[in-house]
Amino acid sequence: MTVLSTQTSSLHFPFDHSFARELPGLYLPWQPQPAPAPRWLRFNHELARELGLDADRLASDEGLAVFSGQVVPPGAQPIALAYAGHQFGGFSPQLGDGRALLLGEVLDPLGRRHDIGFKGSGPTPFSRGGDGKAAVGPVLREYLISEAMHALGIPTTRTLAAVATGETVRRERLLPGAILTRTAASHLRVGTFQFLAARGDVSGLRRLLRYTIARHDPALMDTPEPALALLRAVMERQAALVARWMGVGFIHGVMNTDNMTLSGETIDYGPCAFMEAHDPDTVFSSIDDHGRYAYANQPGIAQWNLARLAEALLPVMNLPEAQAVERATALVNEYPAIYRACWLTECRRKLGLVDTADASGDQALANDYLQLLHRWQVDHTLGFRLLSTVLRTGSSGATPALAEHFGAGTPALEAWLERWRCRLAQQPGRADEAADRMDAANPLVIPRNHLVEAALDAASTDANLRPFEALLTAIRQPFDATRTGTRTGTIWTQPGSPEQTRGYRTFCGT
Ligand code: AMP
Ligand code: MG
């Protein structure tokens, strides 16, 4: 049911609507359901300023009315986007924004276009029986994790505002409701192309192809084979993105094709979490029974999803079908090499390696370290972060801070450190410079699962936002040891206890 807003607002968003203008058939105009008793959870001043919006005015009662769906600001044209998608391998020809709405796009002071939209603003024609709502916990999880990703320098959608609606939503139990306002380079996803391909809508696909290239790859505008060129560009962005995820131990949790952007931003923070003890088989999502989206599977799943994008693009490749299939297959088969190069770059960054002569030697060095982390159940984040202590102290072996995490594995660590030091000695530059580079690549602070849970719990059950605020402040400076201390003993850097970590499960928040 839609409740049309009757209030008005003088708040001005300089909205443009290129999606609505150029992509008929890919959305339905719709209105948010006004929240009955909204209350601020958080407004992202820093992001508002980056977007060129009037942060102080938006962080007001007027802003609260807008971000709770009570007032549709002038210039907004809310639409629910249509898309399809493979979810856990099974295809749904119609998913779409079942609880989200795009309000419009703004151009930031640098001329970059950003979508601004709601998540949790009520049912839409795409809700498929769902309530269209979101709960405070998952909304604040998305806020925290997306801000952490941004601070880590990993491409991501962001959160402009989070408000509690004053309404109760029914999940396994009753939970306080919330609306998140998300910004994104765009909401174009693999599933957007799949939606039109599933309907055999070739002219729609052509329009979408043109639009996507204009928005994300304008340099490819006049390329002779735009569909293949776009596919390659998306492959490169996704390979780079997933390599960054793997570097920080991030597990997305629901890498369905409707949750994979064409922009290369991380999107749709559901059951995501950061791995603590390094284990390639780590799965957190309560719905991922078979570990399809386990940590180590993410690069391969990205390729699987890109193959689905390739299929959707076949009708607009302007080639006879057999030839289109052959070219697309050959391109998708290049993905493992593209990913390997991104992953090697990431591994080198983490190990302080700059010169690039011995690719296979460097990758083997990194792989062996990852195996040690796994074998001795070392925290992924600290296992990398504390490596630089070896260089800083000029220690001939492991520092106590690092060895503490390896326990009985310390002799194996020592042997590996010896190899690493030999490799470092072959490159130009001093050890302390390598240590500085490493500390800018290996975070000290990630959103630890037990801290995230405690923050969400306090916000949901007691409306106490202090733990959330404190954690948000910490994760915004992930590399900065001066604030949190280099020791591993501060609450922001310590891994969860075995009781906190064992059987940790995350829920989709749907
Ligand atoms: P997600 O897991 O958030 O990527 O959502 C997958 C699909 O389910 C999308 O089409 C969502 O719009 C839809 N969906 C998720 N949660 C809800 C909800 N509470 N009500 C309606 N649709 C939903
Ligand atoms: Mg989604």
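The values are calculated or read from the model by the stated rules, or taken from the named source; none is laboratory data. From a predicted model like this one, the values you see are computed outputs, not experimental measurements. Because the Cβ atoms are built from the backbone with ideal geometry, glycine has one as well, and the counts that use them run over all protein chains shown. Protein only, heavy atoms only, side chains kept; ligands, DNA and RNA dropped before computing areas. Shrake-Rupley method; radii C 1.70, N 1.55, O 1.52, S 1.80 Å.
For the pair region 426-444 and region 177-253, the centres of their Cα atoms are 34 angstrom apart.
Our coupling estimate for region 247-257, obtained by passing each phi through the Karplus curve with A = 6.51, B = -1.76, C = 1.60 and θ = phi - 60°, is x, 9, x, 7, 10, 5, x, 9, 7, 6, 5 Hz, Gly and Pro reported as x. Accessible surface for region 363-510, divided over its residues, is 47 Å² per residue with a 1.4 Å probe. With θ taken as phi - 60° and the Karplus curve 6.51 cos²θ - 1.76 cosθ + 1.60 applied, the whole-hertz 3J(HN,Hα) list for region 290-298 is 9, x, 4, 10, 4, 2, 6, 7, 4 Hz, x standing for glycine and proline. If you take the Cα centroid of region 144-168 and the Cα centroid of region 76-128, the two points sit 16 Å apart. The long axis of helix 359-375 is offset from the longest Cα principal axis of the chain by roughly 90 degrees. Using the average count of surrounding beta-carbon atoms within 10 Å as a protection proxy, the listed peptides 368-376, 309-317, 172-180 rank, highest first, as 309-317, 172-180, 368-376.
Report the convex hull volume per residue for the chain, counting only C-alpha atoms, in Å³. Mind dumping the intermediate values first?
Details: hull volume 77.1 nm³, N = 510.
It comes to 151 Å³ per residue, whole-number rounded.
Each residue of region 231-237 is assigned a 3J(HN,Hα), and the resulting list reads 4, 5, 5, 5, 4, 5, 5 Hz, derived from the Karplus form 6.51 cos²θ - 1.76 cosθ + 1.60 (θ = phi - 60°), x at Gly and Pro.
Under the definition of Cα pairs under 8 Å and six or more residues apart, what whole-number percent is the relative contact order of region 96-213? The partial results should precede the final answer.
Details: 199 pairs, mean separation 27.1, N = 118.
In percent, rounded to a whole number, it is 23.
When the surface is traced with a 1.4 Å probe over the full set of protein chains, residue 211 keeps roughly 10 Å² accessible.
Set the Förster radius R0 to 30 Å, insert the Cβ-Cβ distance between residue 214 and residue 340 as r into 1/(1 + (r/R0)^6), and round the FRET efficiency to 0.05. Approximately 0.45, to the nearest 0.05. How much of the accessible area of the chain, probe 1.4 Å, is carbon plus sulfur, in whole percent? Using a 1.4 Å probe with all protein chains present, the chain comes out at 53 percent carbon and sulfur. In a shell of Cβ-Cβ distance under 13 Å around residue 411, excluding residue 411 itself, what net charge do Lys and Arg (+1) and Asp and Glu (-1) give? Computed value for this residue: -1. Just the Cα atoms of region 191-333, one point each, no solvent: what log10 I(q)/I(0) does Debye give at q = 0.14, 0.17 Å⁻¹? Here log10 of I(q) over I(0) equals -0.68, -0.92.
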